[in-house]
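Participant: This is the structure I want to talk about, given as structure tokens.
The values are calculated or read from the model by the stated rules, or taken from the named source; none is laboratory data. These numbers were taken from a predicted model, which means no experiment stands behind them. Positions of Cβ are generated from backbone atoms using ideal geometry, with glycine treated the same way; all protein chains shown enter the neighbour counts.
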Amino acid sequence: MYRVVLNSLIAMCVWAVVLIGTGQIAYSISATIFSLLILVVGSFLLNIAVGKLLSAPINMESSVITGLILFLIFSPPSSTRDVYMLVAAAAIATLSKYIFAIKKKHLFNPAAFAAFAIPLIGFDGASWWVATPLITPLILILGLLVVRKIRRFSLFFAFVIAAIVSIAITNLNFIQSGYMTYPELLKEVLVSWPLLFFGTIMLTEPYTMPYKRNLQIVFGILVGLLFGARFHIGPFFSTPETALIIGNIFAYLVSPKMKLFLTLQKKVQLSSSMYQFYFSKPANFDFEAGQYMEWTLPLEKNIDVDKKQFPDSRGNRRYFTIASAPAEDTLQLGVKIPTATERPSFFKQALAKLEPGDTVVGSQLSGDFVLPNDLSKYSQIIFIAGGIGVTPFKSMVEQLSQTHQNSSPAITLFYCSSTAEEFVYRDTFENKKAQSFVKPVYVLTREENAPKEWQKSSNQKDTHMSKQNNAPAYELGRLNEDILKKYLNKPTACLFYLSGPNAMVEGYKTLLLEMKVPDSSIKTDYFPGF
């Protein structure tokens, strides 16, 4: 996710510099380059310095992203005073992540806070010069790619609609006086206001938005209404940055409020490429089975200048589902780590090097891929997992093993993999407690990899017994309608959960829709960056 945002911002900045260099935007090209260097390099170096001083985790790409945003919203300098303003903006944005933090979780979007604070110390403030018809088409394309990557369309459209309604109401007198029409106002807002840049790049910053979808929609509406409103309270004026700051406060109030420093207790190799990491669990930390967190690895231990080992463009943080149940005394992480010949990312190489006693940072608990509050509404729940996408189901089954009631629905788990070795967590799905409500069906997508006993089991003509008891069943080939119907009493009445690689999830969702399963009965797992 961060790489998509970073690359999109780089493309916007390069295009902006080209426009200035060719005289299409009236800024000095030398001042523009100088501004870019001050804000990006300054943010990067200051972030490293403050992080080391406070022994805080350092996210390398985060500071560069902040610097690029600042470059696009603060005009290039035309005087020495403007240079001081840019330096102050970089410093305020960086320091805000450390100063305005409660339980080590920062409250405000760094770039928005810098834009908000700069006028309070006597400077002119952000001009949002990125909002120009010459850059807007690129912002629209790249911004929507970012929103698509992080699956935040509901947040984005809630914001855009609320903002347009608010702007229309605020400018009602201009419409009534004939100064402009509604279509002209809409065109002006989309092309010459920072609506698209703000809504796709800044509003979607994951640290400072709510953690659940319904709250994200409320967040988008709130910020949108404030974005288009006109108000003045003391030294505070209605600006895009003010709207986002107020929204960030709302997000903080309704979201988990801590950043966790987790110590590795042990790691276990589950297969040739899958590993389980066991971390200490802080007291009073609560989550729902199926939720995910952002995991940040320490850089100092993994950077080797002599061997030229540095973070790749994807940085040192990822989103992963918590594989343990809420009641367990550890936080578990299940990860597939490619072999050296498959060139794993810097993050996964660093993760594989972790030893007991090492510390990682967990933050941004999020996700709606959880069980319904009232399980009794459903006669059957279906889990479909691909590869390491099985981790949320391990968490859910562990939880239900502790709380399962006779009135709860039966669960059928279709676990898909290309090799039998990669079916991990079988002890969880096949233990005595789980057998009372979970039936695992192992689907081997490559028949040539099937052990002999699988061939016999999967080809059995009489599937009545396999449907009536919860003993493990085996199927060969890609999961399809015929296989599903062997184990489902009434597919259209089931609640489906899909988790795994994006292409797999989209493919099986399409299959279920073709089987007339209502879209509302299909839940898909998604976390940014998957």
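Participant: Does segment 83-108 hold any residues that are at pLDDT 95 or above and of a type outside the set (G, A, S), and which are they?
Facilitator: Within segment 83-108, V83, Y84, M85, L86, V87, I92 meet the criteria.
Participant: Return the residues of segment 401-428 that are in a helix (DSSP H, G or I) and either modelled with pLDDT under 90 or over 28 Å from the mean Cα position of the chain (by Cα) (or both); say none if nothing qualifies.
Facilitator: S401, Q402, T403, A420, E421, E422, R426, D427
Participant: Further question on the same structure: Starting from residues that are of a type in the set (A, V, I, L, M) and in contact with a Ser or Thr (Cβ under 7 Å, 6 or more places away or on another chain), keep the ones in segment 367-385 and report whichever is surrounded by the most Cβ atoms within 10 Å (Cβ to Cβ).
Facilitator: It comes out as A385.
Participant: Restricting to segment 375-400, what's the tally of residues that are in a strand (DSSP E or B) and either at pLDDT below 90 or farther than 13 Å from G500 by Cβ (or both)?
Facilitator: The total comes to 3.
Participant: Spot the failing condition for Y526; the list is (1) modelled with pLDDT under 70; (2) over 14 Å from A385 (Cα atoms); (3) not basic (K, R), and only one is missed.
Facilitator: (2)
Participant: A follow-up question, please. For segment 26-39, check the following and say yes or no: at least one residue is buried (at least 18 other Cβ atoms within 10 Å of the Cβ), closer than 30 Å to G362 by Cα and under 24 Å from the mean Cα position of the chain (by Cα).
Facilitator: no
Participant: I'm trying to understand the selection: among the residues of segment 262-285, which are assigned to a strand (DSSP E or B), of a type outside the set (A, V, I, L, M, F, W, C) and touching a residue at least 40 places away in the same chain (Cβ under 8 Å)?
Facilitator: Within segment 262-285, T263, Q265, K266, K267, Y275, Q276, Y278, S280 meet the criteria.
Participant: Let me ask you something else. Being over 27 Å from the mean Cα position of the chain (by Cα) and assigned to a helix (DSSP H, G or I) narrows it down to one residue among V87, V146; which is it?
Facilitator: None of the other options fit; the residue is V87.
Participant: I'd like to know if segment 429-442 contains one or more residues that are closer than 23 Å to Q269 by Cα, among the small types (G, A, S) and in a loop (DSSP other than H, G, I, E, B).
Facilitator: no
Participant: Could you please find all residues in segment 415-441 being farther than 13 Å from A471 by Cα and aromatic (F, W, Y)?
Facilitator: Within segment 415-441, Y415, F423, Y425 meet the criteria.
Participant: Taking into account only those residues within segment 341-366 that are of a type outside the set (A, V, I, L, M) and assigned to a helix (DSSP H, G or I), which is surrounded by the fewest Cβ atoms within 10 Å (Cβ to Cβ)?
Facilitator: Going through the qualifying residues, I end up with T341.
Participant: Does E453 count as modelled with pLDDT of 90 or more, of a type in the set (D, E), more than 17 Å from L270 (Cα to Cα) and in the same structural domain as D482 (by TED's automatic domain parsing)?
Facilitator: No, not satisfied.
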